[in-house]
1. Just give me the residues in the range 239-258 being open to solvent by 30 Å² or more (accessible area, probe 1.4 Å) and in contact (Cβ under 8 Å) with a residue 60 or more places away in the chain, in sequence order.
2. Can you name the residue in the range 207-219 that is open to solvent by 20 Å² or more (accessible area, probe 1.4 Å) and out of contact with any Leu (no Cβ under 8 Å at 6 or more places or on another chain) and, of all such residues, is modelled with the lowest pLDDT?
3. Which of the residues spanning the range 65-78 are surrounded by fewer than 17 Cβ atoms within 10 Å (Cβ to Cβ) and of a type in the set (Ser, Thr, Tyr)?
4. Please indicate, with yes or no, whether at least one residue in the range 199-210 is closer than 25 Å to Trp27 by Cβ, aromatic (Phe, Trp, Tyr) and free of Cβ contacts under 8 Å to residues at least 12 places away in the same chain.
5. Only one of Gly92, Gly84 is at pLDDT 90 or above and touching a Leu at 6+ places or on another chain (Cβ under 8 Å); which?
6. Output the residues belonging to the range 18-34 that are under 29 Å from the mean Cα position of the chain (by Cα) and open to solvent by 90 Å² or more (accessible area, probe 1.4 Å).
7. Going through the range 220-236 one residue at a time, which ones are out of contact with any Phe, Trp or Tyr (no Cβ under 8 Å at 6 or more places or on another chain), in contact (Cβ under 8 Å) with a residue 60 or more places away in the chain and open to solvent by less than 20 Å² (accessible area, probe 1.4 Å)?
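The values are calculated or read from the model by the stated rules, or taken from the named source; none is laboratory data. In this text, all values refer to a predicted model and were calculated from it rather than measured experimentally. Here Cβ is always computed from backbone atoms with ideal geometry, including for glycine, and neighbour counts include all displayed protein chains. Just so you know, the surface numbers come from the protein's heavy atoms only, side chains and all, with ligands and any DNA or RNA stripped out. Shrake-Rupley method; radii C 1.70, N 1.55, O 1.52, S 1.80 Å.
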Amino acid sequence: MQQLRDWLFQAQILWPLAGFGLLLALWWGIALWRSDLMPTPPQAFVANLDYILHPFYRRGPGDLGIGWLLLASLRRVLTGFLLGAVVAIPMGFWLGMSRSAWLMFNPIVQVLKPVSPLAWLPIALSIFNLADPSAIFVIFITSLWPTIINTAVGVASVPQDYLDVAQVLEMPRWRQILKVIWPAALPYTFTGLRISLGIAWLVIVAVEMLTGGIGIGFFVWDEWNRLNLSAVFLSVLVIGVTGLVLDYLLGRIQVWATHRPAAQS
């Protein structure tokens, strides 16, 4: 019992719990004030008990548990994100190592970067004429820019002393890239990847709301149309926790790859 108490009263445990407690209290207070519109936390929990206890049920073609919907969204996000990383990392290296390439393509990146992800959806639908590849394309195109920019900045920021030592040792160019530039730029690249993954997870919810089908975004919109706010609150919690887990896992990969503590995003 004493060990449990000591663990709970650690600063990194106590303060997050206090923050979530305040958020829960705020929700409860608003729900009591507008009880005709919003369920209290216990009411939402009871209403969502079937989703919570049976996340992978199948009761018909369009009646799936929230676990299946989450997996469908994750598949789209990871596919688009990985395709984006395969394109963005080499391009970022090229831009960082070549001033001519930077001058040529940086204006294009800066023009396309602020374009709303949903603005790409009609273009994707006109190309693919299907919701699933269109959603993946939107994830792909919007997850490119943070990784490209951060990788290019990381490559361009490699200390000149490192490159001078490599030249003194007469390293060939490919060896300089693998042994000097790549390790120095890797933390920047992972920062870009974490930002891109966060954007991808944000975008998929909005895209699925518009395209429909199986996914956590469509689940939010469908439950809202049924005026089932309890399920909407559950989906908000699932989306938030999933985003946190994705960022944590990528942070662990960053620590393993760079042998440095991951920066908090």
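1. Listed by number, the residues that qualify are Ile253, Ala257.
2. Kept after step one, since they are open to solvent by 20 Å² or more (accessible area, probe 1.4 Å), are these residues of the range 207-219: 209-211, 213-214, 218.
Applying the additional criterion that residues be out of contact with any Leu (no Cβ under 8 Å at 6 or more places or on another chain) yields 209, 213.
Numbers: Met209: 87, Gly213: 76.
By that ranking, first place goes to Gly213.
3. The answer is none; no residue qualifies.
4. No: zero hits.
5. Gly84
6. Of everything in the range 18-34, those that are under 29 Å from the mean Cα position of the chain (by Cα) and open to solvent by 90 Å² or more (accessible area, probe 1.4 Å) turn out to be Phe20, Leu22, Leu23, Leu26, Trp28.
7. Ser230 - this is the single residue of the range 220-236 that is out of contact with any Phe, Trp or Tyr (no Cβ under 8 Å at 6 or more places or on another chain), in contact (Cβ under 8 Å) with a residue 60 or more places away in the chain and open to solvent by less than 20 Å² (accessible area, probe 1.4 Å).
Conditions tested, residue by residue: (1) open to solvent by 80 Å² or more (accessible area, probe 1.4 Å); (2) at pLDDT below 90; (3) closer than 30 Å to Ile239 by Cβ.
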site	(1), (2), (3)
Ile108	yes, no, no
Pro133	no, no, yes
Ile141	no, no, yes
Ala152	no, no, no
Leu169	yes, yes, no
Pro172	no, yes, no
Tyr188	yes, no, yes
Gly198	no, no, yes
